[in-house]
């Protein structure tokens, strides 16, 4: 099915390790987003991209980096993971001119 | 900047009873408003959206919401709850073509 695919779905890291979450969409959407979801806090925007080669900071960008080298992919990196980054991460995308987001199924990250 | 406040992090209703989930917004520009639903271990799905057309918006699964500018509210309702409605519901706001800002969510429990 067309949509937003996130990999991996689950990951356990030790403090200080690095990892990359991959988001891939096959809908030719221009805009892509990374959110984190924490209990009682809803979804908070980490970084977003309005097109290939461009990225911007969201509400909670510290400790994360992103890249959008190809239009269909949006990577979220953690260079040195911390327990505070234990969360469920969601990628979303949308087409220009529409406010409706299409979400991936989420990636659950635990940092020990 | 836009923001939304969801009143009640947990709501329980009996099967067949009215569902009312509350959302108030703050926006310096005419807002676009959304309700998303998240079923366990899944991403978010759009329930309905308000984009300055009709103030009463009908969504999927029998849900609807009414935009009330005088009350800065966008409450979600369903006349008769079904067991399958158990999920977490998120209100969100954006300006035209801008990033979505989510509320903290309301977990809906249906009592048999």
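Here are the numbers:
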{"quantity": "The lone exception for residue A:41 - which of (1) at negative phi; (2) at the interface with another protein chain (Cβ under 9 Å from one of its Cβ atoms); (3) in contact with a strand residue (DSSP E or B) (Cβ under 7 Å, 6 or more places away or on another chain) it fails", "calculated": "(3)"}
{"quantity": "Which numbered condition residue A:108 fails, given (1) surrounded by fewer than 19 Cβ atoms within 10 Å (Cβ to Cβ); (2) within 11 Å of chain B (Cβ to nearest Cβ); (3) modelled with pLDDT under 95", "calculated": "(3)"}
{"quantity": "Of all residues making up region A:17-42, the number that are closer than 15 Å to residue A:84 by Cα and buried (at least 20 other Cβ atoms within 10 Å of the Cβ)", "calculated": "3"}
{"quantity": "Only one of B:66, B:88, B:98 that is within 11 Å of the chain's Cα centre (by Cα) and either assigned to a loop (DSSP other than H, G, I, E, B) or surrounded by fewer than 17 Cβ atoms within 10 Å (Cβ to Cβ) (or both)", "calculated": "B:66"}
{"quantity": "Matching residues in region B:43-63 - criterion: being within 14 Å of chain A (Cβ to nearest Cβ) and assigned to a strand (DSSP E or B)", "calculated": "B:44, B:45, B:46, B:47, B:48, B:49, B:50, B:57"}
{"quantity": "Residue, nearest to the other protein chains (Cβ to nearest Cβ), within region B:17-42, restricted to residues that are at pLDDT below 90 and surrounded by fewer than 21 Cβ atoms within 10 Å (Cβ to Cβ)", "calculated": "B:42"}
{"quantity": "Subset tally (residues that are touching a helix residue (DSSP H, G or I) at 6+ places or on another chain (Cβ under 7 Å) and not in a strand (DSSP E or B)) for region B:12-42", "calculated": "1"}
{"quantity": "Criterion (within 30 Å of residue B:108 (Cα to Cα), in contact (Cβ under 8 Å) with a residue 24 or more places away in the chain and out of contact with any strand residue (DSSP E or B) (no Cβ under 6 Å at 6 or more places or on another chain)) met by exactly one of A:92, A:2", "calculated": "A:2"}
{"quantity": "Breaking point among (1) closer than 22 Å to residue A:89 by Cα; (2) within 11 Å of chain A (Cβ to nearest Cβ), for residue B:87", "calculated": "(2)"}
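One line per residue, one yes/no per condition, for (1) within 14 Å of another protein chain (Cβ to nearest Cβ); (2) loosely packed, with under 14 Cβ neighbours inside 10 Å; (3) touching a residue at least 24 places away in the same chain (Cβ under 8 Å); (4) over 29 Å from residue B:33 (Cβ atoms):
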position: A:45; (1), (2), (3), (4): yes, no, no, no
position: A:88; (1), (2), (3), (4): yes, no, yes, no
position: A:97; (1), (2), (3), (4): yes, yes, no, no
position: A:102; (1), (2), (3), (4): yes, no, yes, no
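For (1) at pLDDT 95 or above; (2) under 14 Å from the mean Cα position of the chain (by Cα), each residue gets a yes or a no:
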site	(1), (2)
A:7	yes, yes
A:14	yes, no
A:17	yes, no
A:21	yes, yes
A:27	no, no
A:34	yes, yes
A:41	no, no
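The values are calculated or read from the model by the stated rules, or taken from the named source; none is laboratory data. Since this is a predicted model, take the numbers as computed values, not measurements. Positions of Cβ are backbone-derived with ideal geometry, glycine not excepted, and every protein chain shown enters the neighbour counts.
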